[in-house]
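Okay, so here's the structure we're looking at.
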Amino acid sequence: MSQKNIQQVRLYLQGLQQQICVFLEQEENHASFIEDAWDHPAGGGGLSKILADGAVIEKAGVNFSHVKGASLPSSATRLRPEWIDCPFEALGLSIVVHPLNPYAPTAHANVRYIEVQKSDTIFGWFGGGFDLTPYYGFEEDCRHWHQTAKKACDPFGLAIYPRYKKQCDEYFYLKHRHEPRGIGGIFFDDVQEAGFELMQSVGDHFIKAYQPILAKRKNMPFTEQQRAFQTYRRGRYVEFNLLYDRGTLFGLQSGGRTESILMSLPPIVNWKYNWTPEKGSPEDELLKKFLVVKSWI
């Protein structure tokens, strides 16, 4: 892409950041985002928007970044060794929402564009997706989430959603636990043809996918026991982000701002040694019925 097209991506991501913050503040209604602009040491920077300690949202981050560097990080060249030591530009928007209510699932989305230059050749690719991590399962929420993901993909071919769903299921999998992080969604990378349009469709459908679920679940009554289970399951979220997440690795390896990179982590988490839920309980149902790879639509 030319610098003109990079600017188009930048403007889209900045506009999407604003839209998502407005949506979340409307659902929250008791807290607002703070803004934190930062500079990257090699060039560029970003704008982190963080909402914390709300009545509905315990923590949310909607972070825009546009960074430059002299050498593409190893997390991005593992499958592209020909681009090692090439200068790059990377633009992205990362969204993570951790609601307070255990019945309201954690939501994550990311859309990005990376461009490298080698001699006179410019190569760029788009990536992104969104996924959902419930703590208590509702089939209608899962169906809505995946139906919306399919609608985001269908304009680009009916084979796109099944392919990106499979990639999401494979990516958001905790190998050391032998379990999915959540119910998945869609995940894509290395897309060139129609990549910008696909990225926009995925970004535009995130609010459509999450808003009805959050609105429906945010005020449900819950117990301290259910809250404890939520914070226990959040531990899986932390484990994935610190062990496997490519975006986290890319940000740290490229010298990004650590505070913004780790904003995805939930504020309150606990780990219990060798704990298992009571057989037949809603907590047991989450593991056996929802945290499995399956078709939701």
* Give the range 6-29 a look and list any residue that's touching an Asp or Glu at 6+ places or on another chain (Cβ under 9 Å) and either over 22 Å from R257 (Cβ atoms) or at pLDDT below 95 (or both), or say none. => I6, Q19
* Search result, residues across the range 132-170 that are aromatic (F, W, Y) and surrounded by 20 or more Cβ atoms within 10 Å (Cβ to Cβ) -> Y135, Y136, W145, Y161, Y164
* Asked: Within the range 55-64, can one find any residue that is assigned to a strand (DSSP E or B), at pLDDT 95 or above, acidic (D, E) and in contact with a strand residue (DSSP E or B) (Cβ under 6 Å, 6 or more places away or on another chain)?
  -> yes
* Tell me, which residue of the range 11-44 that is touching a strand residue (DSSP E or B) at 6+ places or on another chain (Cβ under 6 Å) and of a type in the set (D, E, K, R) is nearest to A55 (Cα to Cα)? -> E28
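Condition check ((1) farther than 30 Å from K272 by Cβ; (2) hydroxyl-bearing (S, T, Y)) across all residues:
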position: Y135; (1), (2): no, yes
position: H144; (1), (2): yes, no
position: K150; (1), (2): yes, no
position: L158; (1), (2): yes, no
position: F172; (1), (2): no, no
position: K218; (1), (2): no, no
position: Q226; (1), (2): no, no
* To do: Being among the charged types (D, E, K, R) and farther than 16 Å from I122 by Cβ is the filter here, so list the residues in the range 57-72 that pass it.
  => E58, K59
* Residues of the range 9-53 satisfying the condition of being in a helix (DSSP H, G or I), loosely packed, with under 14 Cβ neighbours inside 10 Å and more than 19 Å from the chain's Cα centre (by Cα) -> L11, Q26
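Answer yes or no as to whether D204 is under 22 Å from V22 (Cβ atoms) and either free of Cβ contacts under 8 Å to residues at least 24 places away in the same chain or acidic (D, E) (or both).
Details: under 22 Å from V22 (Cβ atoms): yes; either free of Cβ contacts under 8 Å to residues at least 24 places away in the same chain or acidic (D, E) (or both): yes.
When the stated conditions are applied, D204 passes them.
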* Structure fact -> Taking the range 207-222 and the residues there that are assigned to a helix (DSSP H, G or I) and among the basic types (K, R), the one that is nearest to Q17 (Cα to Cα) would be K208
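The values are calculated or read from the model by the stated rules, or taken from the named source; none is laboratory data. Keep in mind the model is a prediction, meaning the values are calculated, not measured. Note that each Cβ is placed from the backbone with ideal geometry, even for glycine, and that neighbours are counted across all protein chains shown.
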